[in-house]
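Notes follow the structure.
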Amino acid sequence: MKKRVAVGSNKMHNKLGRRFDEALRFASKKHGRQTRKGTDVPYIAHLLGVASLVLEAGGDEDMAIAALLHDVVEDCGGAPMLEEIRRRFGSRVAHIVDGCTDAYTNPKPPWRERKEQYLKRLATEDSDTRLVSAADKLHNARAILTDYRESGESTWERFTGKREGTLWYYRQLVKEFSRGKDNRLTNEMERVVSELEKLAATNGGDVSRARSNRSHKQKD
């Protein structure tokens, strides 16, 4: 079993070059006209956001490439796609992408089972994989928080795990990433998820009270 290590990397920055450009074109082509869940935002916006977080946290070119490609196996071809990534971009990139992938088949396994298995795998991944994964989850959490501020409880309808499952998953991710050494990604994720939980608890309470009031009025 691989030793669990903290999120983060002490590697020196590498300049971005031809391989990064190729990966960006590859990701844009493979994800095509896909959009962010429940929105009209092009999916490439998420991939660029994750790559940006990885680079700002000290990741190198391989890690930034993996950030651009972290969803391509799950969404665009499964295991054969992972082998194409290995051939085009090398074994280190493929390893990180593999560690960020929680499903290789379509249809995917049941949501809760899939997320529990991913959390178990994450605990044994190396620091490079954990950094890219943390950037992915942080970018997602920020998007959920922003959408929740605008749309409230209807936001949860976009997600398979709905309200309870989504909040459970992101809290478990925070716990897992926090088991290692603190860094800018894990600290920010703690803040974002905590704020989301606080807002959801407040709005959830308001929803419950509104339902209760309606029920009393109907009885009267």
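All of R112, R149, R142, R121 fail the test of being open to solvent by 50 Å² or more (accessible area, probe 1.4 Å) and under 17 Å from R179 (Cβ atoms), apart from R121. Residues of the stretch 57-76 that are modelled with pLDDT of 95 or more, farther than 11 Å from L131 by Cβ and in a helix (DSSP H, G or I): E61, D62, I65, L68, L69.
Is there any pair linking a residue in the stretch 126-138 that is under 12 Å from N183 (Cα atoms) to one that is open to solvent by 10 Å² or more (accessible area, probe 1.4 Å) and part of a helix (DSSP H, G or I), with Cβ under 7 Å and at least six apart or on different chains, and which? Final answer for the pair search is A135/L53. Looking across the stretch 161-187, the residues that are open to solvent by 70 Å² or more (accessible area, probe 1.4 Å), at negative phi, at pLDDT 95 or above and of a type outside the set (D, E) come down to R163, K175. Every listed requirement among (1) modelled with pLDDT of 95 or more; (2) in a helix (DSSP H, G or I) is met by E125 save one, (2).
The values are calculated or read from the model by the stated rules, or taken from the named source; none is laboratory data. Computed from a predicted structure; not experimentally measured. Heads up, the Cβs are rebuilt from the backbone with ideal geometry, glycines too, and the neighbour counts pull from every protein chain shown. Note: accessible area is taken over every heavy atom of the protein model, side chains too, but ligands, DNA and RNA are not part of it. Shrake-Rupley method; radii C 1.70, N 1.55, O 1.52, S 1.80 Å.
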